[in-house]
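First the structure, in the form of structure tokens, and then the observations on it.
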């Protein structure tokens, strides 16, 4: 294998210019609301096909050879599309999903992202990098290094789907992101389930002690929202507030009721 065809060379080339994809895609955005201020805390960028096709229609085309380029282009597409949609008109941050296994070196693989953010006049501290791992991590130490490196660079980091698969307590014990997002299956029917409320309340207390922000995602009912606010969860994401909007920042349908937090 020549130097130019080595795995490291392929990874670095993908990080450098994001080239190598033979398919197109775009982004939709869903708000994460701060229920105490009734304002968006951030918008999560969600991959979509160029004609608003599902995320799966895009992700199913990603191969081992294009993973690095895809990860880079997701960051570029998310930043450029969000800024065109009006992200800079307010203080909300931008949350971008990334693939830990597509980051060869946090310092090297961030260059295109920084270049894109600078060109779009988006301060790097307004970026959150969100990752999920529903399967056993091959190299947890590598992910811990990414989280630590991104924090040093001023980015926020978020662990998605907390409470599902392997994204749980063992992972949190290895490294602490700035944010955890509670898996929607843990939230579903929260208002009618004492065990779920007890678990969510315990996680919220634990994260408060660790200095980690909690976001609850997948909120679909007023009852779930009320239960979360009573527990003390401040940041909410879900269809009750707004569905993802294709290449746009959606208007929140709910008037963000000021439900008193007691937890």
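The values are calculated or read from the model by the stated rules, or taken from the named source; none is laboratory data. These numbers come from a predicted model, not from an experiment. Don't worry about glycine lacking a Cβ; one is built from the backbone with ideal geometry, like all the others, and counts go over all protein chains shown.
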Self-check item: Qualifying positions in the range 199-238 - touching a strand residue (DSSP E or B) at 6+ places or on another chain (Cβ under 9 Å), surrounded by fewer than 17 Cβ atoms within 10 Å (Cβ to Cβ) and part of a loop (DSSP other than H, G, I, E, B)
Solution: 232
Quiz item: Can you name the residue in the range 43-75 that is in a helix (DSSP H, G or I), touching a residue at least 12 places away in the same chain (Cβ under 8 Å) and out of contact with any helix residue (DSSP H, G or I) (no Cβ under 7 Å at 6 or more places or on another chain) and, of all such residues, is surrounded by the fewest Cβ atoms within 10 Å (Cβ to Cβ)?
Solution: 59
Exercise. Filter the range 76-99 down to the residues that are in a loop (DSSP other than H, G, I, E, B) and modelled with pLDDT under 95, then identify the one that is farthest from residue 122 (Cα to Cα).
Key: 99
Quiz item: Would you say residue 38 is touching a residue at least 24 places away in the same chain (Cβ under 8 Å) and crowded, with 16+ Cβ neighbours inside 10 Å?
Solution: no
